[in-house]
Amino acid sequence: MINTLLICGGGGSEHEVSLRTADFIEAQLTQAEDIALKRVEMDASGCLTDKQGRVYHIFYDRKIRDEEGNAWNVDYVIPSIHGYPGETGDLQSQLDMFGIPYFGSAPEASKICFNKIKTKMWLSALGIDNTPYLFLHSMEAEELNKAHAALEEWEAIFVKASNQGSSVGCFKITRKEELVSAIEEAFTLSPYVLIEKALNARELEVAVYTFEQELIATRPGEVRAPSDTFYTYKEKYTTGSRAETFIEAEGLSEEQLEWIREVSMRTFKALKLKDLSRIDFFLTDNNELYLNEVNTFPGMTPNSMFPKMMENYGHDFTEYLTGLIRAAVSESIQNR
């Protein structure tokens, strides 16, 4: 039996959606007879609590213990936490120190992809087209002038907190009167702020993942936000979302499909991602393609595209995840 610890929550701005992703994963793993699953919820202080209210701590001997000293061996961890500390590499660093294998990317890849500015710098260095941007390090006049110049040149921009989830701390700005307050708000969430050109574009998403040691990139799906907004956190995750999702985007040429596939695979390999990612693209009205962002732990809620695109490709999520768990635990035992 493989003891698998499902850690969810995190206590941050994406706590609730992390619980919903954990619900999906838990439901999938109940079908696996050789996996014993234990679910704990993490709060903002890092405290782990199970459904009965028992408090646990992870120890270097690959065990978790409650306050009475009862121990449970941990063979594998699924960090179902969107945002800090699950997507930032912090939790993964702790698990690496304890020698516990886990689902998803290692600390360095997680840190790069969670920081929107670092991601764009890496993409540019790799020669991968991404949305025109600049970044701010402070509210000083010289920095704000850069943002005002960008708004004047591009007419519409996104102001984004660099170290937050894809839709957290994100503001679309078209009027100069709104700019400074949006930047101020973004700086309350992150030490750096990304200024990005707003494009009239279709939003395409690709699930990239490892299945039986083969790297898979699905055909792109598409998300269409209502005309009066962009794909906000609310539109992504609330039950009343007005966004439309299409598991396969229509009307793309073979050349465009091949570019998206090649770039998705190259990005996954070059950034040293592991197990899964969702890689998002923009297709502009002028048929320009840009890589938008890389998500190392995409959402798995009823609205989420990643599991739907995997299923559409022909892969069963339970078979996919249990295969990764068994392989990782086997390798961990061999390396001890």
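Structure summary
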item	result
Unique residue being modelled with pLDDT under 95 and among the β-branched types (Val, Ile, Thr) when the list is THR49, THR30	THR30
Selected residue [without any contact (Cβ under 8 Å) to a residue 40 or more places away in the chain, part of a loop (DSSP other than H, G, I, E, B) and open to solvent by 50 Å² or more (accessible area, probe 1.4 Å)] from GLU258, GLU262, GLU250, GLU319	GLU250
Wholly enclosed strands (runs of 3 or more DSSP E) of segment 152-227 bearing at least 3 residues in contact with a Gly (Cβ under 6 Å, 6 or more places away or on another chain) and either modelled with pLDDT of 95 or more or open to solvent by less than 30 Å² (accessible area, probe 1.4 Å) (or both)	none
Selection count, segment 228-271, where residues are among the β-branched types (Val, Ile, Thr), modelled with pLDDT of 95 or more and out of contact with any Gly (no Cβ under 8 Å at 6 or more places or on another chain)	3
Which numbered condition GLN92 misses (of (1) at positive phi; (2) without any contact (Cβ under 8 Å) to a residue 60 or more places away in the chain; (3) open to solvent by less than 40 Å² (accessible area, probe 1.4 Å))	(1)
Filter result (in contact (Cβ under 8 Å) with a residue 24 or more places away in the chain and not basic (Lys, Arg)) within segment 214-225	LEU215, ILE216, ALA217, THR218, PRO220, GLY221, GLU222, VAL223
Residue in segment 278-288 that is closer than 24 Å to THR210 by Cβ, open to solvent by less than 40 Å² (accessible area, probe 1.4 Å) and part of a loop (DSSP other than H, G, I, E, B) present	no
Cβ pairs under 6 Å, 6+ apart, first in segment 118-132 and within 13 Å of PHE281 (Cα to Cα), second modelled with pLDDT under 95	none
Which listed residue is of a type in the set (A, V, I, L, M) and more than 24 Å from GLY12 (Cβ to Cβ), from ILE128, ILE112	ILE128
Qualifying positions in segment 289-313 - open to solvent by 60 Å² or more (accessible area, probe 1.4 Å) and not in a helix (DSSP H, G or I)	PRO302
Enumeration of residues in segment 293-317 that are of a type in the set (S, T, N, Q) and either over 20 Å from the mean Cα position of the chain (by Cα) or modelled with pLDDT of 95 or more (or both)	ASN295, THR296, ASN312
Single residue of ILE117, ILE58, ILE128, ILE81 found to be open to solvent by less than 20 Å² (accessible area, probe 1.4 Å) and farther than 23 Å from LYS269 by Cβ	ILE81
Matching residues, segment 1-20, being more than 15 Å from THR88 (Cβ to Cβ), open to solvent by 10 Å² or more (accessible area, probe 1.4 Å) and of a type in the set (S, T, N, Q)	ASN3
Criterion: open to solvent by less than 10 Å² (accessible area, probe 1.4 Å), of a type in the set (Ser, Thr, Tyr) and in contact with a Cys (Cβ under 9 Å, 6 or more places away or on another chain) - qualifying residue of SER110, SER105	SER105
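The values are calculated or read from the model by the stated rules, or taken from the named source; none is laboratory data. The structure presented is a predicted model; accordingly, all values stated were derived computationally and were not measured. Counting neighbours? That spans all protein chains shown, and the Cβs are built from the backbone with ideal geometry, glycine included. Please note that ligands, DNA and RNA were not included when accessible areas were found on the heavy atoms of the full protein model with its side chains. Shrake-Rupley method; radii C 1.70, N 1.55, O 1.52, S 1.80 Å.
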